[in-house]
Amino acid sequence: MLWFVLVFLSVYMLMNIYAYKRLFSPLGGSFKVLGLMLVSYGWLSPILWRWADGNLSAGVTFSLAFTSLLWMGFVVYVVFFSMLFDLYKLMANMLKLPRLSAKSTALAVFVLSLLLSVYSYYETLRLRVERIVFYTDKIPKGSRIKVLHISDLHLGPVMGMDKVRLVLDVYNRERPDMVVSTGDLVDGSMKGKEELAEALAQMKPPLGKYAVLGNHEYYRGWLQAMEFTKKAGFVVLRDSYFQLDGLMTIVGVDDEDCKLVNACTGVDEVRLLKETPKIGYVLLLKHRPKLDPSLVGEFDLMLSGHTHGGVYYPVGKLILTKLFETDRGLKYLGRGSYLFVSMGVGTGGPPMRFLSPPDVAIVEIVGRP
């Protein structure tokens, strides 16, 4: 874990230096001083707000974290557009194209980055509801189980009651039979945030609520994350299963990053799936949309999150489709097994998205007539 933090801070420092040289340095004068202050704060602020979380008041922590993460997202766009203009400059030299001054380039980069940052923040506020219907012979004819699938709320210093209310609005409107959470519900200290668990506990579907842990729960303290999730009314499935009156078997798999904090259960995922008594419809909950190929056919539907739809489309999609089964939406895996990947409700980094809007899913499992 330490090596990841060191690599991140090193790369982020280089990004801030690059942003300073391309955005503030060409403007000169007081802009250089302002830029130096901003990039210095931007680089140090992730350390500050991580320390503040749980040690200072929620308001102070939110202010530090929110400004830090907004700046991080802005820097990503500054670096992206600066690299595009650097590429244009190279092509202009080769092809004798019109050249742009460093000052004009800096102003263009600033405007484009600011506009895209504003749009990307706005996109995080628009929750979509995905709807999927599966017909099966594994539950009684004519019966219907409506499942609300939520993922990646990232409740913590930045994500809070606003995200919980989005989920509650969907729940109250849809009245599902079951709610499942596929990880990263918690991403920070829950000290003094009992109202979030109490709000989530208001959801009382007749067939219950079930959850698995994601990677961020292990980064930010998995025991307090477990306690919060249970207080919110969820049954936490850690490499275990739960059966619903012959209707459904729900299998929950731990995130692989449990090993970073020596918190793994020791239960083998392949063995768990193959040896679980499969009564009724088999629903697999797993944070990351990764799967051992031998498990295809051992379940009917796998629900996952983690990817956030790539966050920044299409760059994120190009990367994530190389790492996971898919970055978003529904995919047929074969032998009767399907995978659905949610783009999540919250964000684990900058509160920004580009063409990857947040979502929850209403999954209806219907007995074939």
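The values are calculated or read from the model by the stated rules, or taken from the named source; none is laboratory data. Computed from a predicted model, the values in this text were never measured in an experiment. Ideal geometry is used to build each Cβ from the backbone, glycine not excepted, and the neighbour counts take in all protein chains shown.
Of note:
- Lone unmet requirement of (1) more than 21 Å from the chain's Cα centre (by Cα); (2) modelled with pLDDT under 95 for VAL78: (2)
- Scanning segment 249-291 for residues that are of a type in the set (Gly, Ala, Ser) and closer than 17 Å to SER304 by Cβ yields a total of 1.
- Restricting segment 204-234 to residues that are in contact with a Ser or Thr (Cβ under 9 Å, 6 or more places away or on another chain) and not in a loop (DSSP other than H, G, I, E, B), the residue that is farthest from GLU275 (Cα to Cα): GLN224
Each row is one residue, and each column tells you yes or no for (1) farther than 30 Å from SER113 by Cα; (2) of a type in the set (Lys, Arg); (3) assigned to a loop (DSSP other than H, G, I, E, B).
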| site | (1), (2), (3) |
| --- | --- |
| GLU298 | yes, no, yes |
| TYR332 | yes, no, no |
| LEU339 | yes, no, no |
| GLY344 | no, no, yes |
| VAL360 | no, no, no |
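- The residues on offer are PHE62, PHE24, and the sole one that is in contact with a Phe, Trp or Tyr (Cβ under 6 Å, 6 or more places away or on another chain), in the same structural domain as LEU87 (by TED's automatic domain parsing) and in a helix (DSSP H, G or I) is PHE24.
- Residues of segment 146-166 classified as surrounded by 17 or more Cβ atoms within 10 Å (Cβ to Cβ) and either part of a loop (DSSP other than H, G, I, E, B) or in contact with a Leu (Cβ under 7 Å, 6 or more places away or on another chain) (or both), total: 14
- Residue match in segment 302-317 (condition: in a loop (DSSP other than H, G, I, E, B), in the same structural domain as GLU217 (by TED's automatic domain parsing) and over 30 Å from MET72 (Cβ atoms)): no
- Going through (1) free of Cβ contacts under 8 Å to residues at least 40 places away in the same chain; (2) touching a Ser or Thr at 6+ places or on another chain (Cβ under 7 Å) one by one, VAL164 falls short only on (2).
- Failed item, numbered, when LYS322 is tested on (1) within 16 Å of the chain's Cα centre (by Cα); (2) assigned to a helix (DSSP H, G or I): (1)
- For THR321, the requirement of being crowded, with 24+ Cβ neighbours inside 10 Å, of a type in the set (Val, Ile, Thr), free of Cβ contacts under 8 Å to residues at least 60 places away in the same chain and in the same structural domain as LYS146 (by TED's automatic domain parsing) is not met.
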